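First up is the structure itself, then whatever we jot down about it.
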Amino acid sequence: MRRLQVIFVLIWAVTALWVALQEAGTLPQGFLPATPVAAYVQQLLCIATAVGGSFLACRLFVVRRVRAELSAPDAGSAAAALRKWSGVRLALNALAILPSAFLYYAAGFSQPSLYCLLIALTASLLCWPRGTAS
């Protein structure tokens, strides 16, 4: 579980580094086209990944198949299942956070992307990896 906690912190650190480099003007900003269709696709992508990914990450341990694996009678297989599904949960969190952070700056400070980023970051706090299934 310690490794998963480090990965969780790394996801936040990569996001913070990306934001810091963008705010410092080190990386290019606003390079995606500013057409209405492009803006629609970017906003749809942000909403789908942030809201959908956050929801799936938060509710992953309630899915019937996952719950069955986590409540296995053998403690070794239950611990292995917890590590596996916690890793999937972290991947869903990264999928929720990183596209919104990227598109906020790439689309020229798109407000929906910023809100999706904040939603995904807040929801990720509910998915801190720990030793027992929640």
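The values are calculated or read from the model by the stated rules, or taken from the named source; none is laboratory data. Quantities reported herein were computed from a predicted structural model and do not represent experimental measurements. Positions of Cβ are backbone-derived with ideal geometry, glycine not excepted, and every protein chain shown enters the neighbour counts.
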With segment 1-109 as the region, which helices (runs of 4 or more DSSP H) entirely inside it contain at least 3 residues that are of a type outside the set (Phe, Trp, Tyr) and within 20 Å of ALA123 (Cα to Cα)?
2-23, 36-47, 53-59, 75-106
For segment 12-32, name all the residues that are over 15 Å from ILE97 (Cβ atoms) and either surrounded by 12 or more Cβ atoms within 10 Å (Cβ to Cβ) or in contact (Cβ under 8 Å) with a residue 12 or more places away in the chain (or both).
LEU21, LEU27, GLN29, GLY30, PHE31, LEU32
Within segment 34-68, which residues are surrounded by fewer than 12 Cβ atoms within 10 Å (Cβ to Cβ) and within 16 Å of SER110 (Cβ to Cβ)?
ALA34, THR35, PRO36, VAL37, TYR40, LEU44
From the option list VAL62, VAL88, VAL37, single residue qualifying as over 22 Å from the mean Cα position of the chain (by Cα) and either among the charged types (D, E, K, R) or at pLDDT 90 or above (or both) is VAL37
Out of everything in segment 88-101 that is touching a Cys at 6+ places or on another chain (Cβ under 6 Å) and more than 21 Å from PRO28 (Cβ to Cβ), what residue ends up being surrounded by the most Cβ atoms within 10 Å (Cβ to Cβ)?
ASN93
Just to be sure before I move on: is TYR104 surrounded by 14 or more Cβ atoms within 10 Å (Cβ to Cβ) and over 22 Å from PRO129 (Cβ atoms) in the structure I sent?
yes
